[in-house]
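To keep things clear, I will list the structure first and then write my remarks on it.
The values are calculated or read from the model by the stated rules, or taken from the named source; none is laboratory data. A quick note: this is a predicted structure, and the numbers were derived from the prediction, not measured. Positions of Cβ are generated from backbone atoms using ideal geometry, with glycine treated the same way; all protein chains shown enter the neighbour counts.
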Amino acid sequence: MTSHGAAMRYARALFDTSLSEHREVAATFDELRQFSSLLAANASLQRVLTNPAIPVQRKRAVVDALLARAGTLQPAVSKILLLLADRDRLAILTEITHAFETLLMDHQKMIRAELVTALALSDDRVQAIRAGLKVATGREVQLDTRVEPAILGGAVARIGGTVYDGSIARQLERMKETLTSATD
């Protein structure tokens, strides 16, 4: 089983458990993300918990200690972290977190989009674009914006695997292709 496949299975199990037991799916995600961020931010801790040479019992003890220091967590989060430690699968925690976030966003009827422009846009303009994307997708849009002067003007929107390229750079490239193919 690939790590992606395993991560999806763990994420789905955690999501379904969170949804059926206490309906605090967003809280479960926050706690899972915080624990995953803790590992990502602490290289030595990450090395210990993902090193196959370290016995599983020691990894379980480390996770137990971290959970004790964290205070009260959702029961499903504690159980999944201990299960991952027992099965020596803590190395896929980041993938599990991303898969869980995807499930959560789908459950909340949300989609993530990225908007790239040549210049920074005003908040009003960003909100108008978000509203347009909401109409186009039928979902709430979590819009990440960034400035990339290389596109010269216009905008590039990425929603999932779909790219809407309305940049001037792309239009110039198309014109060049048209002109070079017309002269051949």
Close pairs from the stretch 163-184: first surrounded by 13 or more Cβ atoms within 10 Å (Cβ to Cβ), partner in a helix (DSSP H, G or I), Cβ under 6 Å, at least 6 apart: 167/151; 169/151
Condition met for residue 19 (within 22 Å of residue 102 (Cα to Cα), in contact with a Ser or Thr (Cβ under 8 Å, 6 or more places away or on another chain), in the same structural domain as residue 102 (by TED's automatic domain parsing) and not in a loop (DSSP other than H, G, I, E, B)): no
Residue within the stretch 62-75 that is among the hydroxyl-bearing types (Ser, Thr, Tyr), at pLDDT below 95 and touching a strand residue (DSSP E or B) at 6+ places or on another chain (Cβ under 7 Å) present: no
Test: residue in the stretch 40-57 that is charged (D, E, K, R) and surrounded by 15 or more Cβ atoms within 10 Å (Cβ to Cβ): no
Cβ pairs under 7 Å, 6+ apart, first in the stretch 94-118 and in contact (Cβ under 8 Å) with a residue 40 or more places away in the chain and more than 28 Å from residue 154 (Cα to Cα), second of a type in the set (S, T, N, Q) and surrounded by 19 or more Cβ atoms within 10 Å (Cβ to Cβ): 94/36; 97/36
Of all residues making up the stretch 22-33, the number that are surrounded by fewer than 14 Cβ atoms within 10 Å (Cβ to Cβ), over 15 Å from residue 99 (Cα atoms) and in contact with a helix residue (DSSP H, G or I) (Cβ under 9 Å, 6 or more places away or on another chain): 1
Checking residue 120 against (1) in a helix (DSSP H, G or I); (2) of a type outside the set (Asp, Glu); (3) loosely packed, with under 13 Cβ neighbours inside 10 Å; (4) touching a strand residue (DSSP E or B) at 6+ places or on another chain (Cβ under 7 Å), the condition it does not meet: (1)
